[in-house]
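Q: Starting off with a structure, shown below.
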Amino acid sequence: MPSPAEIAWLIPLLPLIGAVISGLGLISFNKAINQFKIPVAVSLLTCLGASAVLSYAVLIEQVISAHTVEHLFIWASAGDFTLPMGYVIDPLGAVMLALVTTIALLVMIYSHGYMSHDKGYVRFFTYLALFSSSMLGLIISPNLLEIYVFWELVGMCSYLLVGFWYDREGAAHAAQKAFVVNRVGDFGLLLGILGLFWATGSFDFNGIALGLQNAIDSGTVPIWAALTLCFLVFMGPMAKSAQFPLHVWLPDAMEGPTPISALIHAATMVAAGVFLVARLEPLYSQFPFIGLLIAVFGTITCFLGASIALTQMDLKKGLAYSTVSQLGYMMLAMGCGAPIAGMFHLVTHACFKAMLFLGSGSVIHAMEDVVGHEPILAQDMRLMGGLRQKMPITAITFLIGCIAISGIPPLAGFWSKDEILGEAFNAFPLLWGIGFLTAGMTAFYMFRLYFLTFEGSFRGDNKELQQELLVAAGKNNDDFEEHHVGKIHESPSSMSIPLIVLAVPSVLIGFVGTPWNSSFAKLLDLDEAIEMASHFSWNEFLPLAFASVSISIAGISLAFLAYYLNRIDLNENIAKRFPAINSFFSNKWYLDDINEKIFVRGSRKLAKEVLEVDAKVVDGLVNLTGLLTLGSGEGLKYFETGRAQFYALIVFGGVIALVALFGVLGT
């Protein structure tokens, strides 16, 4: 009987088969397939569930005996060149497989309740299965070229899912923005992959690392070229994992259905960039400058996301900027040469962030019964409040997520975030200081979200405020009074059960990564785990942990005073006293405005100028050529008399003219 690793190729294949069958059914028998949405959903859930079971079998196998299983075949060859494809299973891949299939399966179950009344139900489940398959294929890819194939498939699926409600202008624009921004990063990634192949003759991760070092030592590749290639490859993760300045697509991706926000922001698309940097650790570890660069980008992203989240009133966008910030923490760890810490935070963050997004979807689902299906109203926290009494399961799980992401022990976020801050303190103390400050900001804005949403009194029935928000957003509120007013209620079991399931690892999974005896580190790199345990010191751990928890508690306390007790008016005390800073944060560091002015308007202006050149110069030359041909034809037709004597006279005259011309030139 083959081992789980021997048949791991089935993990991405099973949901792909389900997606292809349902997709072909939608194309060929659209109306019939949409009428059988429950059987289609069950079949896709079964495919993904089978992948999840196999993924856990692979993980258990790796936990028992960590080893690498690789199966390759020659996909293309020409002379001495061969291009292998296949799959690889190792501890890092096993962890990611289990994580992705778990989150994807829970999101798919949740989607049954969230999307039950949507006319695109079957199409949505098909996209989910295809998206999951693409990410799973990326994880088991054995080389950069195969990763790039699945990398683009993940990008295509994100475009389809973010723009799922394509009849909404906001969703269509968000999908285009995500696609274009990711193309920028992917172009750099492709150039880097091709450049590394030119320098090393390999697409294999270890082969590239060894080959580039040998090329530098032999002088065939200068150090500046090697650094450039490494940075070009990093551009792909910059876009996928929403690192500054290519982060701008991710908050706008909230225009897609909320289950997609949970899947994209927790374990799939944004995790792909962090995963690729971890895969390329043998390459990046050779160049401390690239490590510093990654750490700096991660730190900027970390602070940027948190600072913008402070001012957000849209529940989903607040969580989106939180994701940007947490991805910055992960990249900070990668830049500090601590990929295990970065991957550990990726795992813990996936659990509580998926729960938070699904919780926000539960809230929005309930709010739509009161304020209608306009996202501006259903997602604005100024219309929420007091939901804990009506939605206890959603409130409790959301609170657990807030505590976890704030880094309060013993929940999962404390162990992973504290490990990153500890690594940053030893490597780059300045960057640690920024990450430390961001930890307090994280605790503040997360509990701000919680108190505004679940505590206090309900504000959703304030018609004047609803109209004011619609007008401020430039929306037409002519049909404002037509909204059916229902009651706030807890979500159905298909939506609440995934929240309860995710709450368990959000509380407990951090214990597998305790710094004095990290089972997570032992799985990924036993030698590194032994070294971590041997260098662990309570005298170093406790002060840093105490400082981290203290600043988080300070952030929670400030949010409690301002938004629960209403003892502090932050608008009066901070926003109005420092309007420039408040405007800077609320306008997202003006990065969208800068992109609009430089790239969007600039490219349009360039396109118009190119069009002018095309119309006046290129078309002018073509038209001139046509006129000359027409004119010469008109003139020459009079010489076509049909008389041989006339043609002989012309030839004779031509000869005399040539003789005269050569005679003049000769003298």
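The values are calculated or read from the model by the stated rules, or taken from the named source; none is laboratory data. All of these numbers come straight from a predicted model, not from anything done at the bench. Virtual Cβ from ideal backbone geometry, glycine too; neighbours counted across all protein chains shown. Accessible surface areas use protein heavy atoms only, side chains included; no ligands, DNA or RNA. Shrake-Rupley method; radii C 1.70, N 1.55, O 1.52, S 1.80 Å.
Q: Whole-Hz Karplus ³J(HN,Hα) for region 123-138, in order, using 6.51 cos²θ - 1.76 cosθ + 1.60 and θ = phi - 60°, x for Gly and Pro?
A: Values per residue, Gly and Pro as x: 4, 5, 5, 5, 4, 4, 5, 5, 4, 4, 4, 5, 5, 5, x, 4 Hz.
Q: Let me ask you something else. Give me the three principal axis extents of region 2-135 from the C-alpha atoms, as integers in angstrom, largest value leading.
A: 52, 41, 21
Q: Report Rg(Cα)/(2.2 N^0.38 Å) for region 536-622, keeping two decimals.
A: Values: Rg = 26.4 Å, N = 87, 2.2 N^0.38 = 12.0 Å.
Dividing the Cα radius of gyration by 2.2 N^0.38 Å gives 2.20.
Q: Please state the relative contact order of region 45-185 as a whole percent: Cα pairs under 8 Å, 6+ residues apart?
A: Details: 145 pairs, mean separation 27.9, N = 141.
For region 45-185, the relative contact order is 20 percent.
Q: Per DSSP H run of at least 4 residues, take -39500 (n - 2.57); add these up for the chain, divide by its residues and hand me the 222 nm value, nearest 500 deg cm²/dmol.
A: Values: 30 runs with 475 residues, N = 667.
That comes out to -23500 deg cm²/dmol.
Q: Would you mind checking the tilt of helix 619-636 against the longest principal axis of the Cα atoms of the chain, expressed as 0 to 90 degrees and rounded to 10?
A: Relative to the chain, helix 619-636 is tipped by roughly 20 degrees.
Q: Calculated FRET efficiency, Y56 and K576, Cβ-Cβ r, R0 60 Å, to nearest 0.05?
A: Values: r = 54 Å, r/R0 = 0.89.
Efficiency for this residue pair is about 0.65.
Q: Modelling each spin label as a point 7 Å along the Cα-to-Cβ direction, I'd like the S218/I74 distance in nm, to one decimal.
A: Going from the S218 label point to the I74 one covers 2.3 nm.
Q: Output the 0 to 90 degree angle, nearest 10, between the alpha-carbon long axis of helix 269-279 and the longest principal axis computed from the alpha carbons of the chain.
A: Approximately 90 degrees, to the nearest ten.
Q: Also, I was wondering about something else. Taking the Cα centre of region 97-204 as origin, sum charge times position over the Cβ atoms of Lys and Arg (+1) and Asp and Glu (-1), and report the length of that vector in debye to the nearest 20.
A: On the way: 5 positive and 7 negative charges, 50 e Å.
In debye, rounded to 20, region 97-204 gives about 240.
Q: How do R448, R601, R382, R459 rank by accessible surface area computed with a 1.4 Å probe, from largest to smallest?
A: On the way: R448 10, R601 140, R382 100, R459 70 Å².
Listed by decreasing accessible area, they come as R601, R382, R459, R448.
Q: Give me the number: length gained by fully extending V63 to S603, i.e. 0.36 nm times residue separation minus the C-alpha to C-alpha distance, one decimal in nm.
A: On the way: separation 540, 0.36 × 540 = 194.40 nm, distance 5.19 nm.
That pair, V63 and S603, stretches by 189.2 nm at full extension.
Q: How large a share of the accessible area of the chain, in percent, is made up of carbon and sulfur atoms when the probe is 1.4 Å and the other protein chains stay in place?
A: Details: 19880 of 29520 Å².
Looking at the chain in its full context, I get 67 percent from C and S.
Q: Hey, how many Å between the Cα centroid of region 527-575 and the Cα centroid of region 179-219?
A: What the calculation gives is 39 Å, centre to centre.
Q: Looking at region 167-267, which trypsin sites (Lys or Arg not before Pro) are in a loop (DSSP not H, G, I, E or B) and have at most 15 other Cβ atoms within 10 Å? Mind dumping the intermediate values first?
A: Working: sites: R168, K177, R183, K240; in loops: R168.
Hits after loop and neighbour filter: R168.
Q: With the alpha-carbon atoms as the only input, what is the per residue convex hull volume for the chain in Å³?
A: Working: hull volume 182.6 nm³, N = 667.
For the chain, the hull spanned by Cα atoms encloses 274 Å³ per residue.
Q: Hey, how many Å between the Cα centroid of region 2-76 and the Cα centroid of region 222-267?
A: First find each Cα centre; the distance between them is then 26 Å.
Q: Could I ask something else about it? What percent do you get for the relative contact order of region 252-380 when only Cα pairs under 8 Å and 6+ apart count? Before the final figure, lay out the partial values.
A: On the way: 156 pairs, mean separation 41.4, N = 129.
Relative contact order comes out at 32 percent.
Q: Can you work out ³J(HN,Hα) from phi for every residue in region 544-559, in order, using Karplus 6.51 cos²θ - 1.76 cosθ + 1.60 and θ = phi - 60°, giving whole Hz and x for Gly and Pro?
A: Per residue, the Karplus-derived 3J(HN,Hα) values read 5, 5, 4, 5, 5, 5, 4, 6, 5, 5, 4, x, 5, 5, 5, 5 Hz.
Q: Using the Karplus curve 6.51 cos²θ - 1.76 cosθ + 1.60 with θ = phi - 60°, what ³J(HN,Hα) values do you get for each residue of region 493-503, in whole Hz, with x for Gly and Pro?
A: Result, ordered by residue: 4, 5, 9, 7, 4, x, 5, 5, 4, 5, 5 Hz.
Q: Rounded to the nearest whole Å², what accessible area per residue is found for the chain with the 1.4 Å probe? Spell out each step's value before the answer.
A: Numbers: 29520 Å² over 667 residues.
So the chain comes to 44 Å² accessible per residue, rounded to a whole number.
Q: Contact order normalised by length for the chain, with contacts defined as Cα pairs under 8 Å and 6 or more residues apart; what percent is it?
A: Values: 1003 pairs, mean separation 74.7, N = 667.
Relative contact order, the chain: 11 percent.
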